[in-house]
Amino acid sequence: MIAGIAGFLGLAAATDAIMSRRQAVEQAGPPKVLDQGWSDGMRELFYYTSQGSQLLPYVFLRALEQPLSDKPFLDPAHIAELGFLPADKPSQLNPDGLPIGFVKDPRPAGTMGPMVGMTCAACHTADIEANGVRIRIDGGAAAADYQLFMKRLSRALDNTLADPAKFQRFAGRLVGVDPKQVRPALEATAAEIRRLEAASWTPVPYGRGRLDAFGHILNAVVADALGEPANFRMPDAPVSYPFLWTTPAQRYVQWNGVAGNPLGRNLGEVLGVFGHTSFANGNPAAFSSSALADNLVALEDWVADLKPPPWPEKELGKVDAAKAKRGAELFKANCAGCHGGPEYRFTPAADTEGGRQWLAVSMVDIAKVKTDPKMLTNFTGRFARPGLLGPLVANAPHLSDGQVPAGAALLAAVTVITENSLRAQGITGDARKQWYGWRFAPGSSTPQSGWLTPASYKAGPLAGVWATGPFLHNGSVPTIYDLLSPEDERPARFYVGSKQLDTQKLGFVSSPDSLPEKEREGLFLFDTNLAGNSNRGHSFPDPSVAKLSPDDRYAIIEYLKILEGPDVRRH
């Protein structure tokens, strides 16, 4: 306990030190947009369509100042320092210029009006830089620092309450709000954000581009919504934000493959990023959430049109065709067995209603891939008191004290909430199946489930992977070259947070000495020796049999720049 408090105080001190600095943001015009299959209008819809996340009152976030200055919390330089992307410009869907992935909920909520929350785009949109050019990667892995964001937000709210001048400026920006209601509402908001920030603390910080998504989702459902605080577990198994292209066509998604249908997966995701759940005193027919199911279906459909980002030769350099040809042979021999390739494997037509086929992504047993197991063990080994969900998980395995697998409780809750939402909107028959993404076995009315045993990590398709470092599920390897190297040659410590692409090794520049001085502040030191951060495993080919030479690794890298994605719409 004392060690935990000391770690917390140490993190707070480090955060205060970071707060005293400001990293300049130089955004000369909009980024270059690659051909990923989206129009400008589709991109805006993805950025600014609410999924039902509700973090705090919209007017509060707009009026809030930074913790230690009178500058707006939403100042683009501050937002960029937290790893999120400032808006390129105000737009019809985003008239107030909120950061990408932040959006006003369309429903009124309380005396302070609508809430503001996050969309998928907050964590799945990235900018990369090379040769002085900024390039937008839609569906890519964001560099957002979730824990730092929550720390700053909590500190900003608390400081506004404590500083009379700060509070007066804040209240003066709230147009049309009863002044008598401001402080009580702000106190309630600050208390909730303080709770969320404390619940996100871990002894090993996530850093840039990582989040323990399942840890937060499970806590939100089986601890907070159930009113069972004993079910809370520290969310200490962060994983990298995965890229989104091809995911609507994959048979299994999530790093552990436990999501088998898109609607249930996306609804659960909302609950992990500030969605709210009501279990209505144990009446399943009245279970509900703040998730907007119709918008989630639309978001999934938009992402189905998203293509992997093509390698932009003009900006990043011409691909060596001869080297890439040799890399294609090496990829087929060493990588395609798990990750697939141009001849992508699809599920049998007989497995799904209507003969629909999905990308047959490989689920690789942890005993084979041997990467850090913490994310898997945290999920499969987590049990919870079912509380009001007891009748819905009666057939699940029970421990002697009545606890059930937390994942089973989550699945039960999400299933009932989803069905209630569909029923309330009159979505039945084929329309219901369409909302579930047609993930049904022939003749079944129950959506297909995800992968459960043995404990495995997903080996998804790699088209566009060049723009998505760091690598492995926990972001523990900075470049693809390092990933293709023997374990003992991989960096044990490196920095994350740079947007500068390493075009030779494929990844982001991870050494401060290789960056301009103005870009060195705000970097996060990733230590692979800490719990959950191991860079071991994924040693293919088997090093006891053969090793990839440096030339082999660079050949595979050259091929990965041009690796084409599957034609998912054809299936």
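Taking residue 418 as meeting all but one of (1) hydroxyl-bearing (Ser, Thr, Tyr); (2) surrounded by fewer than 20 Cβ atoms within 10 Å (Cβ to Cβ); (3) at pLDDT 95 or above, write down the number of the exception.
Residue 418 satisfies all of (1) hydroxyl-bearing (Ser, Thr, Tyr); (2) surrounded by fewer than 20 Cβ atoms within 10 Å (Cβ to Cβ); (3) at pLDDT 95 or above except (2).
Would you mind telling me which numbered condition in (1) surrounded by fewer than 24 Cβ atoms within 10 Å (Cβ to Cβ); (2) in contact with a strand residue (DSSP E or B) (Cβ under 7 Å, 6 or more places away or on another chain) residue 222 fails?
Failed condition: (1).
Taking the range 127-140 only, how many residues are crowded, with 24+ Cβ neighbours inside 10 Å and aliphatic (A, V, I, L, M)?
2
Select from the range 478-501 the residues that are in contact (Cβ under 8 Å) with a residue 60 or more places away in the chain and not in a loop (DSSP other than H, G, I, E, B) and write down the one among them that is surrounded by the fewest Cβ atoms within 10 Å (Cβ to Cβ).
Step by step, filter the range 478-501, then rank; the result is 500.
Is it fair to say residue 163 is within 27 Å of residue 97 (Cβ to Cβ), free of Cβ contacts under 8 Å to residues at least 24 places away in the same chain and of a type in the set (D, E, K, R)?
yes
Do you know which of the residues in the range 424-454 that are of a type in the set (A, V, I, L, M, F, W, C) and touching a helix residue (DSSP H, G or I) at 6+ places or on another chain (Cβ under 7 Å) is surrounded by the fewest Cβ atoms within 10 Å (Cβ to Cβ)?
Restricting to residues being of a type in the set (A, V, I, L, M, F, W, C) and touching a helix residue (DSSP H, G or I) at 6+ places or on another chain (Cβ under 7 Å), the top hit is 441.
Can you pull out every residue in the range 502-543 that is free of Cβ contacts under 8 Å to residues at least 12 places away in the same chain and among the β-branched types (Val, Ile, Thr)?
509
Between a residue in the range 204-233 that is on the phi > 0 side of the Ramachandran plot and any residue that is in a loop (DSSP other than H, G, I, E, B), which pairs come within a Cβ distance under 7 Å, given they are 6 or more apart or on different chains?
Taking only residues 6 or more apart or on different chains, the pairs are 209/141; 209/142; 209/143; 209/144; 209/241; 209/475.
Within the range 318-336, is there a residue that is among the charged types (D, E, K, R), part of a loop (DSSP other than H, G, I, E, B), touching a residue at least 24 places away in the same chain (Cβ under 8 Å) and surrounded by fewer than 19 Cβ atoms within 10 Å (Cβ to Cβ)?
yes
Going through 343, 419, 315 one at a time, which residue ends up being assigned to a loop (DSSP other than H, G, I, E, B) and of a type in the set (Asp, Glu)?
Answer to the selection: 343.
If you take the residues in the range 518-563 that are modelled with pLDDT of 95 or more and among the acidic types (Asp, Glu), which one is farthest from the chain's Cα centre (by Cα)?
Applying the filter and picking the extreme gives 551.
Residue-wise test of (1) in contact (Cβ under 8 Å) with a residue 40 or more places away in the chain; (2) more than 23 Å from residue 226 (Cβ to Cβ); (3) surrounded by 24 or more Cβ atoms within 10 Å (Cβ to Cβ).
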| position | (1), (2), (3) |
| --- | --- |
| 250 | yes, yes, no |
| 260 | yes, yes, no |
| 273 | yes, no, yes |
| 284 | yes, no, no |
| 288 | yes, no, no |
| 295 | yes, yes, no |
| 308 | yes, yes, yes |
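Within the range 425-442, restricting attention to residues that are assigned to a helix (DSSP H, G or I) and more than 28 Å from the chain's Cα centre (by Cα), which residue is farthest from residue 247 (Cα to Cα)?
429
What number goes with the only condition from (1) surrounded by 12 or more Cβ atoms within 10 Å (Cβ to Cβ); (2) of a type in the set (Asp, Glu); (3) out of contact with any helix residue (DSSP H, G or I) (no Cβ under 7 Å at 6 or more places or on another chain) that residue 517 does not pass?
(1)
Quick check on my filter: what residues within the range 256-282 are among the hydrophobic types (A, V, I, L, M, F, W, C) and closer than 14 Å to residue 242 by Cβ?
Scanning the range 256-282 gives 258, 259.
Tell me which strands (runs of 3 or more DSSP E) are completely within the range 108-154 and hold 2 or more residues being touching a strand residue (DSSP E or B) at 6+ places or on another chain (Cβ under 9 Å) and β-branched (Val, Ile, Thr), or say none if there are none.
Hits in the range 108-154: 125-130, 133-138.
The values are calculated or read from the model by the stated rules, or taken from the named source; none is laboratory data. These numbers were taken from a predicted model, which means no experiment stands behind them. All Cβ positions, even for glycine, are placed from backbone atoms using ideal geometry, and neighbour counts span all protein chains on display.
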